[in-house]
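Below you'll find the structure, written out as structure tokens, and then a few comments.
The values are calculated or read from the model by the stated rules, or taken from the named source; none is laboratory data. Predicted, not measured: the structure shown is a model, and the values here were computed from it. No Cβ is skipped: glycine too gets one built from the backbone with ideal geometry, and neighbour counts run over all protein chains shown. Side chains are part of the model used for accessible areas, which takes the heavy atoms of the whole protein and leaves out ligands, DNA and RNA. Shrake-Rupley method; radii C 1.70, N 1.55, O 1.52, S 1.80 Å.
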Amino acid sequence: MADALIVVALLLVAACATVAVLVRDPVRQALVLAVLGVALAVLFTVLQAPDVALSQLAVGGALTPLLLLLSVRKVKRRKGRER
């Protein structure tokens, strides 16, 4: 049973990472990156590393996508002012 959970979690991580690479819109990429962070946190939990899972959830699931979204927003504002 534990092996099946690991395989499912690995497949989820692989699928999310593939989608993150294939998506072209930066906003959608940031959202998929958040989902990837949560999927990695699930994988770490299944692998019995709860401390790493909590760190991944905070940084990879929330902080990094938030910073990317704020950066994209700021770049779009600057492009609007230049025109």
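Okay, here's what the table says:
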| read-out | value |
| --- | --- |
| Nearest 10 degrees, 0 to 90: helix 64-82 Cα axis against the chain principal axis | 10 degrees |
| Tilt relative to the chain, helix 2-22 - C-alpha long axis, 0 to 90 degrees, to 10 | 20 degrees |
| Where labels lie 7 Å past Cα in the beta-carbon direction, separation of residue 22 and residue 55 in nm | 3.2 nm |
| For the chain, diffusion coefficient by Stokes-Einstein and Kirkwood Rh (Cα), 20 °C, 1.002 mPa s, µm²/s | 156 µm²/s |
| Highest-first arrangement of 32-40, 10-18, where packing means the average Cβ count within 10 Å | 32-40, 10-18 |
| Within the accessible area of the chain (1.4 Å probe), percent carbon and sulfur | 69 percent |
| Note, ³J(HN,Hα) from phi for region 47-61, Karplus 6.51, -1.76, 1.60, rounded to Hz, x at Gly and Pro | 7, 6, 10, x, 5, 5, 5, 5, 5, 5, 4, 6, 7, x, x |
| Surface accessible to a 1.4 Å probe, residue 59 within the full protein complex, Å² | 80 Å² |
